[in-house]
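The values are calculated or read from the model by the stated rules, or taken from the named source; none is laboratory data. Not measured: the values here are computed from a predicted model. Reconstructed Cβ throughout: ideal geometry from the backbone, glycine too, with neighbour counts over all protein chains shown. Each accessible area value is taken on the protein alone, full model and side chains, heavy atoms only, with ligands, DNA and RNA left out. Shrake-Rupley method; radii C 1.70, N 1.55, O 1.52, S 1.80 Å.
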Amino acid sequence: MENLFNHLEQVVLRMDSRFCTEDGHLLKNNVVEAALALDPKLLHYLLADEKLKKQFFSEVDGLLVFDKVKFQRFVMNKQFLPDSYTAFKNKVGLTNENGEFLSESREVVLSWPYKDCMLEGGQTKEDAKRQEIFWNETLAPDEINRLTEPKALCHFRRYDSKGEHEATELRPDDNLIIKGNNLLALYSLRERFRNSVKLIYIDPPYNTGNDSFGYNDSFNHSTWLTFMKNRLEVAKELLRNDGVLFVQCDDNEQAYLKVLLDQIFGRKNFVACIIPLMNPRGRQESAYPIAKSHEYILCYSRKEDMATFYNFGIKEDNNSEDVYRLLSLRKSGNASRREDRPNMYYPIYYNETSNKISINKSSESDIEIFPIKTDGTEGRWRWQRSNVENNTELLVCKKNSQDEYDIYVKDYLVKEGKTKGQKTQTFIIDSAIINDRAQEHLQQLFGDKVFDYPKSEFLIQRLIEIASAEGDIVLDFHLGSGTTASVAHKMNRRYVGVEQMDYIKDIIAKRLQMVIEGEQGGCSKSVGWNPQNPGLLDGDKYAHNSFVYCELAQANQQLVEKIMAATEPFKLQEMWQQLQEKGFLSYKVSPKIFNEHAEDFNDLSLDDQKRFLIECLDKNMLYIPFADIDDTHFTLTENDKLLTRQFYARR
């Protein structure tokens, strides 16, 4: 069917040169100004065309009234009313009544359409390039009152050294793999893991047009930003105060993602932009005039100055005694004046009798030490006051070459049999990452090519190593092939993974089962993975070598999948009858009005029919709310109900 905007353009351009550019395009501003002024000629053109008259005029007491506001919105924002599909939505009451962009504040922030709305963003197959706009359907705030409520869980399965079997209990420290929409899963996880996660790593779709985020949308870039914003906001709530977020991306969205993360986490919580070298030669495809050889990992902390990091590459050396060198706590130089860092300039007190160092004076015999050199120039301390207070056991006071007291820090090279590692640099050149054959590794596990660009286990190892300790929780809600969970398992971290693709059991669960059985690919040897000695998590009597698989319990989502699978229009007509009988329809849908316009529905394309039926469903009921698990409309088993309650039980 002809696009309504194109039809309007042809009608107006044929009639009046005032609205035409030299190259034959519509002058939108001129048309809108004429419409707002109720220009007689323009109104005559619109009234003379049946399609346009039907769209922009309403009959009131026998008179036709021109809706100039609707007309202005349509001309300036044609994407809100593009074709016969939206015209059909008008008839049945599903029109988006507010087409304007969000008003911008005076701050320098990202601004995009639907910024404050929810993007459900579902997928079912990695290689399914979504051509239907409905699949990234945007929901306004007043439509999501129950969307983010905790959801019921089902199909619990435990994987351990005995294989796969039904889970009969959910332990407080179980590793979890959850199938379902990751936005809704995150809101459910928030009830159990708020302020509990030490590290979040995600490798989301890069929005290249060639990956799994293949949406066909006139707001493709804005759609991706909304998709990310919805998920990052709730993910932030899961992090501990000393927690860290890593988001991997390429240069398609890196700059915009940085600004978005600045808004959500705060610019002061930006830690670094890590650039791992992925391919020394770069990608040699003709699409890249300059070969791309790296990606980006944006790192943010949950709370300013509270994130904890560890050096990587620490090695065991049980034959070595503790060895340290003394580094001066004093930092001097022109860039270290008091006005540069006033919070780093404060007195430290030393008592010769007790040989104790503190930041508070406790007796008259305490010696007051400032970061001032003998020539009178000021420096500053390397540590802020709280670090000194919390780490006095690492400090030593002694006289320097100028016969004045100075404070030194014990810099351990070997401590408790562990050799000190190095800090990770923002540019990572690691032969283990570069030479890793992650795709071949998966092919060896599964026999087929299952992912085009799986992440290196060695890269994930590096991130987990520098930002978490054994027993900490690692979360990945774009789990993909399961690399993050596999590495976390081998490194004795607890983990939670979320994936909505159908391959989660055939790929991710099986891969983790192989890890439990002792799979030695990837980083296994590097981290010393031994399934016979997996270790125990702190405070947990259960062995770490297991995980629990479960799913968000579907309600309307089952109908969505049936609609998606339909290949013939008559199947969708049958689905409409099922929706009225079994589905939770949107409050805006009137089955009576729909049935009155059934012929118009039949005239739509198959994709538009699918799109419409899915929009008719109440998105609040895609999955079963936890509060409704005892509702007889749903068929949850008693075991599902029991374990769901255990999932949400306060620990």
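The residues of the range 584-606 that are in contact (Cβ under 8 Å) with a residue 12 or more places away in the chain, open to solvent by 40 Å² or more (accessible area, probe 1.4 Å) and over 21 Å from Ala565 (Cα atoms), listed by number, are Tyr587, Lys588, Ile593, His597, Asp600.
Condition first: of a type in the set (A, V, I, L, M, F, W, C) and either assigned to a helix (DSSP H, G or I) or open to solvent by less than 10 Å² (accessible area, probe 1.4 Å) (or both). Now tell me which residues in the range 459-472 satisfy that.
Within the range 459-472, the subset of a type in the set (A, V, I, L, M, F, W, C) is 459-460, 463-464, 466-467, 469.
Those that are of a type in the set (A, V, I, L, M, F, W, C) and either assigned to a helix (DSSP H, G or I) or open to solvent by less than 10 Å² (accessible area, probe 1.4 Å) (or both): Leu459, Ile460, Leu463, Ile464, Ile466, Ala467.
Suppose the filter is of a type in the set (A, V, I, L, M, F, W, C), in a strand (DSSP E or B), open to solvent by less than 20 Å² (accessible area, probe 1.4 Å) and touching a helix residue (DSSP H, G or I) at 6+ places or on another chain (Cβ under 6 Å); does Val498 pass it? Judged against the criteria, Val498 is a match.
From the set of residues in the range 15-38 that are farther than 13 Å from Gln72 by Cβ and of a type in the set (D, E, K, R), which is surrounded by the most Cβ atoms within 10 Å (Cβ to Cβ)?
Step one: list which residues in the range 15-38 are farther than 13 Å from Gln72 by Cβ, which gives 15-27.
Next, only the ones that are of a type in the set (D, E, K, R) stay: 16, 18, 22-23.
On the way: Asp16: 17, Arg18: 14, Glu22: 5, Asp23: 5.
Per the stated criteria, the residue is Asp16.
Lys268: modelled with pLDDT of 85 or more and exposed (fewer than 15 other Cβ atoms within 10 Å of the Cβ), yes or no? Taking the combined requirement at face value, the residue satisfies it. Restricting attention to the range 607-641 and to residues that are surrounded by 14 or more Cβ atoms within 10 Å (Cβ to Cβ) and farther than 20 Å from Leu585 by Cβ, the residue that is nearest to the chain's Cα centre (by Cα) turns out to be Phe626. Out of all the residues in the range 382-403, which are part of a loop (DSSP other than H, G, I, E, B) and open to solvent by 50 Å² or more (accessible area, probe 1.4 Å)? Arg382, Trp383, Gln384, Ser401, Gln402, Asp403, listed by residue number.
Quick one: would you say Ala438 is open to solvent by less than 20 Å² (accessible area, probe 1.4 Å), in contact with an Asp or Glu (Cβ under 8 Å, 6 or more places away or on another chain) and under 30 Å from Ser196 (Cβ atoms)? When the stated conditions are applied, Ala438 passes them.
Does Leu298 meet the test of being touching a His at 6+ places or on another chain (Cβ under 6 Å) and surrounded by 14 or more Cβ atoms within 10 Å (Cβ to Cβ)?
Working: touching a His at 6+ places or on another chain (Cβ under 6 Å): no; surrounded by 14 or more Cβ atoms within 10 Å (Cβ to Cβ): yes.
Against the criterion (touching a His at 6+ places or on another chain (Cβ under 6 Å) and surrounded by 14 or more Cβ atoms within 10 Å (Cβ to Cβ)), Leu298 does not qualify.
Every listed requirement among (1) modelled with pLDDT of 80 or more; (2) among the β-branched types (Val, Ile, Thr); (3) in a loop (DSSP other than H, G, I, E, B); (4) closer than 24 Å to His221 by Cβ is met by Thr124 save one, (1). Scanning the range 409-432 for residues that are surrounded by fewer than 12 Cβ atoms within 10 Å (Cβ to Cβ) and among the hydroxyl-bearing types (Ser, Thr, Tyr) turns up just one, Ser431. Across the range 542-550, a minimum of one residue is classified as of a type outside the set (Gly, Ala, Ser), more than 19 Å from Leu445 (Cα to Cα) and modelled with pLDDT under 85. The set of residues in the range 175-191 being in a loop (DSSP other than H, G, I, E, B) and at pLDDT 95 or above consists of Asn175 alone. When the range 467-516 is filtered for residues that are farther than 25 Å from Tyr623 by Cβ and among the polar types (S, T, N, Q), the ones remaining, listed by number, are Ser468, Thr483, Ser486, Asn492, Gln513. For the range 610-632, how many residues meet the condition of being assigned to a helix (DSSP H, G or I), of a type in the set (Asp, Glu) and modelled with pLDDT under 90? Number of matching residues: 1.
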